[in-house]
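The values are calculated or read from the model by the stated rules, or taken from the named source; none is laboratory data. Owing to the predicted nature of the structure, the values given are computational and were not obtained by experimental measurement. Cβ: placed from backbone, ideal geometry, glycine included. Neighbour counts: every protein chain shown. Accessible surface is based on the protein model in full, side chains and every heavy atom, while ligands, DNA and RNA are left aside. Shrake-Rupley method; radii C 1.70, N 1.55, O 1.52, S 1.80 Å.
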Amino acid sequence: MITRKWNVHNVDNLTGHQDIVEAAMWIKDGEVVAFPTETVYGLGANACSNEAIEKIFEAKGRPSDNPLIVHISSREQLPLAASDWNEIAEKLMDAFWPGPLTIVLPKSKYIAEKTTAGLDTVGVRMPDHPVALALIELAGTPLAAPSANRSGKPSPTNAEHVFYDLNGRIKGIIDGGATGVGLESTVVEASGGKVTILRPGGITKSQLETVVENVELDRALLEENLVPKSPGMKYTHYAPNAPLYLINGDRTFFQDKINQYQNDGQTVGILVSDELAGQLTADEVRMVGPSDQIEKVAQQLYNQLRSFDDSSVGVILAEMYPVEGIGEALMNRLLKAAGNKVLSKNRQE
Ligand code: AMP
Ligand code: MG
């Protein structure tokens, strides 16, 4: 398959633009097209067609028991995706849509079984990106769209990442530049008078608390032996090729670990804030931004993780960040990328 590339940087009338019209036509035709959202690039197909959805799972190599998020462009489209929603869900939509919040709702009869991996619920969100909204509107159907990467790899935050992973496997890629948030949406359930966070993401717990009193984390996110309510949370995700370890300790401990791996003959890459980069010596240094600007770090995470795959590092050591605000999602992704491998000063010495 030849993968088309459409470039829609700085385009005004998006719904009238021939590239987006063409991409929407492919979607109507049951094909798969990658597009930018405010979180990461998505891999979109008609959420109401089992045949189209199968192509997403195939292109990504995604396990078929991991449901896809359904994207809508207007509140009028909501009944096509969900059969029912309560007052709390409605409050969340009013406050955070369009935006990086996915709400799990009872599925409508129109959504294909493969989209929800057989579940009777569906995750729905309205992305806050003009290109995504124009594409969904022109396609005239909700789009199921997971992140546009090969399963297990870091999510794509620009069109080049998508091309690297999926060239030849999908019909086309709409290039709308780098994404803003850089991490995926927050997935929530709104039932029993409260909101439960199934996956931390672009909307933080404290943002949710400005709208709903009772917000809690799915306990499975905190306790390893519980089965998560969000099926995708049980898989290895976001991982670069080389093994990744998180470093829980001070600058001296970090440098000691670098030296140890180097003495063992390894080429060592480090993933650190701008401040720490200046204080450490390693073979490959990737900076994710100032440590007091955690949004910037989140935005750069996947891009810098991916860049190690083009280097010869044998091991990657990464800095940890406070679990506050978007730091909650950032640390969730870093721990997953590392397969929960943390080197702690207190435990080791
Ligand atoms: P991705 O498409 O890679 O961003 O992953 C979507 C995330 O949303 C995964 O963790 C899914 O398990 C989760 N998700 C999607 N639909 C549902 C649903 N109906 N119930 C619970 N979690 C869901
Ligand atoms: Mg993904």
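Stokes-Einstein at 37 °C, 0.692 mPa s, Kirkwood radius from Cα pairs: D for the chain in µm² s⁻¹?
159 µm²/s
Could you check how much of the accessible area of the stretch 37-145 is carbon and sulfur, as a whole percent, using a 1.4 Å probe? Present the calculation step by step, with values, prior to reporting the outcome.
Numbers: 1910 of 3960 Å².
It is 48 percent, rounded to a whole number.
In the structure shown, do any of Lys107/Lys153; Lys28/Lys153; Lys91/Lys205 have a Cα-Cα gap over 18 Å, and if so which?
Lys107/Lys153; Lys28/Lys153
So what are the ³J(HN,Hα) numbers for the stretch 31-38, from phi and the Karplus equation (6.51, -1.76, 1.60; θ = phi - 60°), rounded to whole Hz, Gly and Pro as x?
For the stretch 31-38, the Karplus-derived couplings read 9, 10, 9, 8, 8, x, 10, 6 Hz, x marking Gly and Pro.
Just to be sure I understand: if I project the alpha-carbon convex hull of the stretch 234-349 onto a plane and average over all orientations, what area do I get in nm²?
7.0 nm²
Mind running the shape call on the stretch 19-119? Use the C-alpha gyration tensor, a ≥ b ≥ c as the square roots of the eigenvalues: rounded below 1.5 for a/c, prolate if a/b tops b/c, oblate otherwise.
On the way: a/c = 1.71, a/b = 1.35, b/c = 1.27.
Taking the square roots of the gyration eigenvalues as a ≥ b ≥ c, the stretch 19-119 is prolate.
Run the helix sum for the chain: -39,500 (n - 2.57) per DSSP H stretch of 4+ residues, divided by residue count, reported at 222 nm to the nearest 500 deg cm²/dmol. Before the final figure, lay out the partial values.
Values: 12 runs with 105 residues, N = 349.
It lands at -8500 deg cm²/dmol.
Give the aspartates and glutamates whose C-alpha is closer than 16 Å to that of Lys114, dropping any in the same chain fewer than 8 places away, or say none.
Those aspartates and glutamates meeting the cut-off are Glu31, Glu51, Glu54, Glu58, Asp65.
Which percent of Cα-Cα pairs in the stretch 58-197 sits in each 5 Å bin, short to long?
Using 5 Å bins, I get a P(r) of 2, 10, 19, 22, 22, 15, 8, 2, 1, 0 for the stretch 58-197.
Note down the relative contact order for the chain as a percent, whole number, built from C-alpha pairs under 8 angstrom at least six residues apart.
It rounds to 19 percent for the chain.
Would you kindly state the longest site-free stretch of the chain, with sites defined as trypsin sites (Lys or Arg not before Pro) in a DSSP loop (not H, G, I, E, B) surrounded by at most 13 other Cβ atoms within 10 Å? Could the numbers behind the result be given before it?
Details: sites that count: Lys109, Lys341.
With trypsin sites (Lys or Arg not before Pro) excluded where exposed in loops, the chain gives 110-340 as its longest stretch.
Would you calculate the convex hull of the Cα atoms in the stretch 257-296 and tell me its volume per residue in Å³?
Per-residue hull volume (Cα only) is 58 Å³.
Only bridges with both residues in the chain count here: give the DSSP antiparallel percent, nearest 5.
So the antiparallel bridges in the chain amount to around 35 percent.
Straight-line reach from Lys336: which aspartates and glutamates fall under 18 Å, measuring Cα to Cα and dropping same-chain residues less than 8 apart?
Glu184, Asp218, Glu223, Glu224, Asp309, Glu319, Glu324, Glu328
Can you send over the carbon and sulfur percentage of the accessible area for the stretch 157-314, probe radius 1.4 Å, protein chains only?
42 percent
Let me check I've understood the local charge: for Ala59, count other residues with C-beta under 12 angstrom from its C-beta, Lys and Arg +1, Asp and Glu -1. What total comes out?
+2
When only DSSP loop residues count, what GluC sites (Glu not before Pro) in the stretch 206-307 have their Cβ near at most 11 other Cβ atoms within 10 Å?
Taking the stretch 206-307 and a limit of 11 other Cβ atoms within 10 Å, the loop GluC sites (Glu not before Pro) found are Glu213, Glu223, Glu224.
How much accessible area per residue does the chain have, in Å², with a 1.4 Å probe?
43 Å²
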